[in-house]
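The values are calculated or read from the model by the stated rules, or taken from the named source; none is laboratory data. The shown structure was predicted, so the numbers you read here are calculated from the model rather than taken from an experiment. Note: ideal-geometry Cβ built from the backbone for every residue, glycine included; neighbour counts use all protein chains shown.
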Amino acid sequence: MPNTKYKYNPENLSYEEVKISPSKKVLRVLLWSAPSIVLGLILAIVFTNRIASPKEKMFAQELKTNAKELKRMQSDIQLVNEVLDDIQGRDEELYRTALYAEKFPEELRKMGTGGSDRYAYLDGMTNSELLKSTATQIDQLEKRLHAQSLSFRELLELAKEKENILACIPSIQPVRNKDLKRRISGFGWRIDPIYRTRRMHTGMDFTAARGTEVYATADGVIEELEKKRWGYGKSIIINHGYGYKTRYAHLKEFKVKKGQKIKRGELIGLIGSTGKSTGPHLHYEVVVNGQKVNPVGYYHSDLSAEEYEQLLEMSENSNQSMD
């Protein structure tokens, strides 16, 4: 039964039904439901702010993971920089010292990475400062690696040049040990075998049988083939470059031609006794920047320590040259 309300009317001494307008009914409903609505709104706001959706949770976890990964990358970059510091130290203190290279330009090692607006595109992003910091460190590391690669490229070219130089420095005997006879006359003041006076002997004489093979002591080019009745007789001059030349005198026969390129250890002639010579032997000279030097210091590649000492003793004990 509906909840009907009545009101007493004194004019007609009777009860009349109280009728409520629709607007008042709506107002009453709103008043009764207002607390529930307000409470619902409050709860909705609280739960919306404090309870994230699965997608929001996943996004938040990804951000956290990305931040952690960026920090790990920065740690790795720091480690690479430390290794690069060690490489740079070796570059300057070891490699460049060994190759007599100049110091690598410091301005190339500290090349800039651009202005502060270089990373403006990262502004407003989540973890933007961390992203900028990581990007800056990566760019700086890239510049350092590029500079180091330039330095190593320069050192590689120098090393190749040094290898060429070493190949052109006389370093072996022109006559094999097994072909040598006992007598060797060294560099220095000696008694001339013909004039019987003291004179400077500007090379080393290797006594060996006529026809014994003579070898180039370093890479080079045949500069001259001399044929004289006196003096050096038949002799070969090899230009090795870098200020080095060698002469092989009193030969019986040439095995090369003028202008021919020669490798260390290559056969160039045969021992004879031409020119001013008292017997079959090879007169060998080493010339450095126009100055004749003692050849005994240029046999380090094919003699043991004992053989070198023996050769040195033999060359010093002989008081007379053979030419």
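Numerical summary
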item	result
Residue that is nearest to Gly275 (Cα to Cα) [pool: residues in the range 209-228 that are crowded, with 24+ Cβ neighbours inside 10 Å and hydrophobic (A, V, I, L, M, F, W, C)]	Val214
Residue among Leu156, Leu141 that alone is surrounded by 14 or more Cβ atoms within 10 Å (Cβ to Cβ), assigned to a helix (DSSP H, G or I) and at pLDDT 80 or above	Leu141
Single residue of the range 211-239 satisfying the filter (touching a strand residue (DSSP E or B) at 6+ places or on another chain (Cβ under 6 Å) and of a type in the set (Asp, Glu)) that is nearest to Ala249 (Cα to Cα)	Glu226
Exclusive hit being within 13 Å of Ile169 (Cα to Cα) and at pLDDT below 90, set Ser301, Ser277	Ser301
Filter result for Asp76 (modelled with pLDDT under 75 and assigned to a helix (DSSP H, G or I))	no
Whichever residue in the range 229-244 is among the small types (Gly, Ala, Ser) and more than 30 Å from the chain's Cα centre (by Cα) and, among such residues, is surrounded by the fewest Cβ atoms within 10 Å (Cβ to Cβ)	Gly231
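To keep it simple, each residue is scored yes or no on (1) outside the structural domain of Gly279 (by TED's automatic domain parsing); (2) of a type in the set (Gly, Ala, Ser); (3) modelled with pLDDT of 85 or more.
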| position | (1), (2), (3) |
| --- | --- |
| Ile172 | yes, no, yes |
| Gly186 | no, yes, no |
| Tyr195 | no, no, no |
| Ala208 | no, yes, yes |
| Thr212 | no, no, yes |
| Ala216 | no, yes, yes |
